[in-house]
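Below: one structure, written as structure tokens.
The values are calculated or read from the model by the stated rules, or taken from the named source; none is laboratory data. This one's a predicted model, so the numbers in the text were calculated from it and none came from an experiment. No Cβ is skipped: glycine too gets one built from the backbone with ideal geometry, and neighbour counts run over all protein chains shown. Just so you know, the surface numbers come from the protein's heavy atoms only, side chains and all, with ligands and any DNA or RNA stripped out. Shrake-Rupley method; radii C 1.70, N 1.55, O 1.52, S 1.80 Å.
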Amino acid sequence: MKAYPLEVLSNVQVSERYWHMKVDSTIIDESITAGQFFNIKCGEGELPFLRRPFSIYRINREEKTIEFLYLVKGSGTVQMTKFVPGENIDVFGPLGVGFSLKEEWDSILLLARGVGIATLAALAQEAAEKNVKCVAILSARSNNDLLAAETLQGFGATVVKVTEEDGTSNVENVQRLVNQLFEEHDIKAAFTCGSMRLSRLMQRSAEKRGIPGQIALEEHMGCAVGVCYACVCDVRGPHGINSVRVCKEGPVFDLEKVVLT
Ligand SMILES: Cc1cc2nc3c(=O)[nH]c(=O)nc-3n(C[C@H](O)[C@H](O)[C@H](O)COP(=O)(O)OP(=O)(O)OC[C@H]3O[C@@H](n4cnc5c(N)ncnc54)[C@H](O)[C@@H]3O)c2cc1C
């Protein structure tokens with residue numbers, strides 16, 4: 001991993017709160033896996049002092065571009081909206097451990113909420129490339145926030161949308177959908193990102209059926225390279241619970257091992 005000056009090809013607002021950015025990744029000479037992330041320098045000034053972490057939304061290997069989908073939250077992401085095509089931005093990565101799709105997993109279920117959808121989209125892309133059947137439940141505040149659904153459908157995924165706006169995103173309904181989709185699609189592995197509540201639901205549901213899974217965690221990060229220990233989480237190991245760094249040992253972990261609080 002290293003810092004690359006990557007040319008912005010496009011950076012556009014795609015809904016009220018979300019922006020989509022495509023950068024030229026020709027100079028990245030390392031392999032990039034779904035679930036990994038880049039730490040982006042958001043502006044030229046002193047603030048924000050720290051880079052901000054963003055998962056890879058889409059990897060276009062032939063075109064040699066990568067894409068990010070980001071929610072505008074605070075000072076860093078507001079500054080990112082000012083990136084313009086032709087500008088070189090400072091992108092550090094690829095960082096962390098990504099998803100791994102085992103060969104025997106021919107049918108997978110994704111459960112994503114909010115910006116977690118950006119992280120799981122790259123997995124849906126990888127599933128499509130490997131001919132793995134992909135079913136996704138995408139949860140958001142409003143339909144307006146679910147633009148990524150089209151991207152997943154473009155990868156051939158079956159997508160079920162739930163939103164606060166439609167009154168369908170409550171835990172009971174998501175639980176019902178998870179149960180139904182596990183059965184209907186003979187799911188072999190479960191993946192989740194973006195909500196503790198939904199991740200706990202997925203963890204319990206997968207565990208009950210003996211289905212393996214993976215979770216991508218999003219913790220506040222300092223250095224993002226394993227030095228500062230700002231982003232630790234707990235995972236169960238053979239000798240008890242260990243505190244590990246989300247940026248280094250993660251952000252993707254085995255679903256059954258993570259202690260979700
Ligand atoms: C591995 C990883 C991958 C990520 N991928 C994406 C992505 O693909 N798309 C996307 O939109 N966002 C993603 N995020 C979240 C993104 O990094 C934060 O939203 C961003 O850093 C906010 O920066 P800001 O300066 O705009 O807001 P800040 O001013 O830093 O924060 C604004 C508000 O958001 C909260 N916040 C900031 N960072 C986080 C976080 N990591 N988790 C929870 N709350 C936070 C703060 O507490 C504050 O309330 C990812 C985070 C991680 C750790």
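Summary of computed values
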| quantity | calculated |
| --- | --- |
| Thr81 paired with Asn144, simple spin-label distance in nm, labels 7 Å along Cα-to-beta-carbon | 1.2 |
| Potential lengthening between Arg197 and Asp254 on full extension [0.36 nm per residue; Cα-Cα distance subtracted] | 18.8 nm |
| Long-range lysine pairs (8 or more apart or interchain), the chain, Cα under 17 Å | 16 |
| Asp166-Glu46 FRET efficiency (beta carbon distance; Förster radius 45 Å; 0.05 resolution) | 0.55 |
| The range 29-76: trypsin sites (Lys or Arg not before Pro) falling in loop per DSSP and having at most 14 other Cβ within 10 Å | Arg61, Lys64, Lys73 |
| Calculated Rg and Dmax of the chain using C-alpha coordinates, Å | 17.7, 52 |
| Kyte-Doolittle mean at least 0.0, axial Cα span of 15 Å or more - DSSP H helices of the chain | 116-129 |
| Counting DSSP beta bridges with both ends in the chain, the antiparallel % (nearest 5) | 60 |
| Debye intensity ratio in log₁₀ form over the Cα atoms of the range 2-95, taken at each q of 0.18 Å⁻¹ | -0.75 |
| Heavy-atom accessible area per residue - the chain, 1.4 Å, Å² | 46 |
| Additional length obtainable on full extension of the chain from Glu62 to Glu103, 0.36 nm per residue less Cα span | 12.4 nm |
| Choice from Gly45, Gly35, Gly86 showing the highest fluctuation, given a GNM over the chain with Cα pairs closer than 10 Å | Gly45 |
| Angstrom value of the Kirkwood radius, inverse mean 1/r, which spans all Cα pairs in the range 156-198 | 11.6 |
| Percent accessible area from carbon and sulfur atoms, the range 2-95, protein chains only, probe 1.4 Å | 53 |
| Global geometry of the range 107-215, whether rounded, prolate or oblate, following the gyration tensor of its Cα atoms and the 1.5 cut on a/c | oblate |
| Charge dipole of the range 107-215 about the Cα centre (unit charges at C-beta), most positive-ward option of Gly154, Asn170, Gly210 | Gly210 |
| Residue with peak Gaussian network fluctuation, the chain [Cα springs, cutoff 10 Å], from Lys188, Lys82, Lys161 | Lys82 |
| Kirkwood Rh and Cα Rg combined as Rg/Rh, the range 177-261 | 1.02 |
| Spin-label model distance (nm) - Thr261 vs Ala3, 7 Å beyond Cα toward Cβ | 3.3 |
| Sites excluded, GluC sites (Glu not before Pro) in DSSP loops with at most 15 other C-beta within 10 Å, longest stretch of the chain | 105-163 |
| Candidates per chymotrypsin sites (Phe, Trp or Tyr not before Pro) in the range 2-63, loop by DSSP, up to 16 other Cβ within 10 Å | Phe49 |
| Carbon/sulfur fraction of accessible area - the range 217-261, other protein chains in place, 1.4 Å, % | 53 |
| Helix-derived mean residue ellipticity, 222 nm - over the chain, DSSP H n ≥ 4, -39500 (n - 2.57), to 500 | -6500 deg cm²/dmol |
